[in-house]
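The values are calculated or read from the model by the stated rules, or taken from the named source; none is laboratory data. Computed from a predicted structure; not experimentally measured. Every residue, glycine as well, gets a Cβ built from its backbone with ideal geometry; the counts of neighbours run over all protein chains shown. The protein model used for the area step is the full one, side chains on, heavy atoms only, and it has no ligands, DNA or RNA in it. Shrake-Rupley method; radii C 1.70, N 1.55, O 1.52, S 1.80 Å.
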Protein chains: 2
Amino acid sequence: MKLTTKGRYAVTAMMDLALHAKIDCVSLVDVSERQTISLSYLEQLFRNLKKAGLVNSVRGAKGGYMLAKADKDISLADILVAADEQINLACGGSACSDETPCLTHGLWVNLSQQFYQFLNSKSLNDLVKSRDVQTMATMQDVTQIGNIPVHISNDTENDYV
Amino acid sequence: MKLTTKGRYAVTAMMDLALHAKIDCVSLVDVSERQTISLSYLEQLFRNLKKAGLVNSVRGAKGGYMLAKADKDISLADILVAADEQINLACGGSACSDETPCLTHGLWVNLSQQFYQFLNSKSLNDLVKSRDVQTMATMQDVTQIGNIPVHISNDTENDYV
DNA sequence: CCGATTCCCGAGTAAAATACTCAGGTTTCA
DNA sequence: TGAAACCTGAGTATTTTACTCGGGAATCGG
């Protein structure tokens with residue numbers, strides 16, 4: 001049970017947008033440098049994120065991406081699914097289906113649903129507010145030359161929940 | 001986020017033991033036939049399950065496997081880990097470690113822990129008691145020729161959780 | 001004691017999935 | 001007009017998965 005880089009990078013990139021695309025859009029070059037993710041891979045990922053309606057794009061010079069909705073309305077599950085990371089533990093092959101299930105089929109279906117619900121209950125905003133991310137983000141901003149860090153002062157800091 | 005067949009088969013096989021190895025041990029040939037899992041693959045899986053101390057084996061003719069502990073003392077997490085199915089969503093590569101974490105590193109570590117705890121809270125006994133599994137097991141027993149179905153009559157039937 | 005049955009073990013391998021890259025095109029700003 | 005960005009399809013090396021195979025060692029029944 002692991003996550004592919006697609007899913008992980010997608011969440012990281014979306015978090016980057018949530019942190020930096022407050023006023024106007026942010027280019028993938030910026031995201032790429034801040035999060036050390038290859039530019040071409042990011043472009044590929046953002047195709048999916050856009051198709052899923054999670055981000056809007058602005059073409060041309062000074063263009064970039066921004067969140068299509070408020071960060072509180074985007075869940076971890078939304079991002080993972082968009083990044084084509086299935087949240088499905090069940091066996092979808094030849095041996096076992098909903099019609100001819102194996103002994104544990106129901107278990108996996110059930111478990112997948114619970115995981116989905118869990119991941120769906122965590123919004124991008126929840127993540128961004130966490131102490132870990134806040135400090136990481138500050139570091140990334142400071143490291144960047146000529147970029148004055150701007151932060152959301154937040155009283156409800158938490159450790160992910 | 002998906003499960004490999006290793007993990008899935010391991011749980012299925014352990015469930016089979018819990019259902020059928022009540023009195024004496026059960027051979028992998030039987031498990032293989034009942035659950036339609038290749039024998040040689042099962043043998044490979046049971047190496048790990050044994051190494052992890054989840055099953056005991058009896059060699060020679062009339063030999064086989066049985067649970068090493070009570071089914072209520074074996075958790076889903078135990079089985080998955082034994083079957084060498086990592087419950088780890090974090091990025092363990094070059095880019096990101098506990099020392100030099102990426103923006104989302106903490107998130108994945110945290111999430112992994114929560115998933116682990118969840119899977120660790122479900123015992124083999126919980127699964128075996130579920131209505132789905134009970135009916136599936138009955139079907140499998142009836143299909144088998146010359147095998148009189150024996151069931152655990154249980155008042156606390158549930159649908160997984 | 002012999003042969004069937006079963007666990008045990010190391011190693012190999014085809015197919016699938018992953019994690020990318022690359023080459024080009026289009027839109028927009030200055 | 002040219003640089004900066006998004007956009008797109010396709011290709012590909014590497015890794016992982018899901019097995020198989022061949023042989024060995026214990027144990028039981030006859």
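With label points set 7 Å from Cα along Cα→Cβ, the inter-copy distances at B:Gly60 are 8.5 nm, sorted shortest first. The other copies place their A:Asp24 label points at 8.1 nm from this one, listed shortest first, where each point is 7 Å from Cα along Cα→Cβ. All other residues whose Cβ lies under 10 angstrom from that of A:Asn56 are scored, Lys and Arg at +1 and Asp and Glu at -1, for a net of +2. The other copies place their B:Gln114 label points at 1.4 nm from this one, listed shortest first, where each point is 7 Å from Cα along Cα→Cβ.
For the range A:1-77, the convex hull spanned by the alpha carbon atoms encloses 93 Å³ per residue. For the range B:47-55, the Karplus equation 6.51 cos²θ - 1.76 cosθ + 1.60, evaluated at θ = phi - 60°, returns couplings of 4, 5, 4, 6, 4, 7, x, 8, 10 Hz by residue, with Gly and Pro reported as x. Put simply, the range A:41-83 fits an ellipsoid with semi-axes of 19, 13, 7 Å; these come from the alpha carbon gyration tensor as the roots of five times its eigenvalues, largest first. Rolling a 1.4 Å probe over the protein chains gives B:Cys25 an accessible area of about 30 Å².
The trypsin sites (Lys or Arg not before Pro) of the range B:45-121 that DSSP puts in a loop, and whose beta carbon has at most 12 other beta carbons within 10 Å, are B:Arg59, B:Lys62. For the segment A:8-21, counting C-beta atoms of other chains within 10 Å of every residue's C-beta and taking the mean gives 3. State whether the range B:35-110 is rounded, prolate or oblate according to the following rule on the C-alpha gyration tensor (a ≥ b ≥ c being the square roots of its eigenvalues): a/c under 1.5 gives rounded; otherwise a/b larger than b/c gives prolate, and the remaining case gives oblate. Since a/c reaches 1.5 and a/b is larger than b/c, the shape of the range B:35-110 is classed as prolate. If only the Cβ of Lys and Arg carry +1 and only the Cβ of Asp and Glu carry -1, the dipole of the range B:16-120 around its Cα centre is close to 380 debye.
Taking each pair of distinct Cα atoms in the range B:1-132 once, what is the resulting Kirkwood hydrodynamic radius in Å? When all Cα pairs of the range B:1-132 are included, the Kirkwood radius is 15.9 Å.
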